1. Can T87 be described as among the β-branched types (V, I, T), part of a loop (DSSP other than H, G, I, E, B) and at pLDDT 80 or above?
Amino acid sequence: MNLRPFYALLLLSSLANLGGCKDLLKKKDSEPAPSATPVAVPSAVIAPLPTTPPAPEVPAAPAAVAVDEKAVPTPQDFEDEAFEKVTPANFKAQFATLKTAISK
């Protein structure tokens, strides 16, 4: 089925409709615009805007605290103590003690 004649008719009708709209818009534009009269607003209607309270001051960030890195305990600091306390004979009891301490 050949649709070329249908598309041509559709194109022509669309152009005709657009041309008609253009004429309508020109006619509307040629009419004089109604003059707008200024409206006086009574002073009772105009109220001053409420003043907003000043924003709360944000405290300055605290100064960085200098921390001595040698004062912070690390796992390596406890190795010597652990080797002295835990022996092959009592490691099961020490392990049970650690489990209960962690679970609390």
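1. Considered against the rule, which asks whether it is among the β-branched types (V, I, T), part of a loop (DSSP other than H, G, I, E, B) and at pLDDT 80 or above, T87 comes out as yes.
Listed here are the residues, each with its yes/no results for (1) assigned to a helix (DSSP H, G or I); (2) at pLDDT below 70.
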position: F6; (1), (2): yes, no
position: D29; (1), (2): yes, yes
position: S35; (1), (2): no, yes
position: A44; (1), (2): no, yes
position: A47; (1), (2): no, yes
position: A64; (1), (2): no, no
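The values are calculated or read from the model by the stated rules, or taken from the named source; none is laboratory data. Remember, it's a predicted structure, so these values are computed and weren't measured experimentally.
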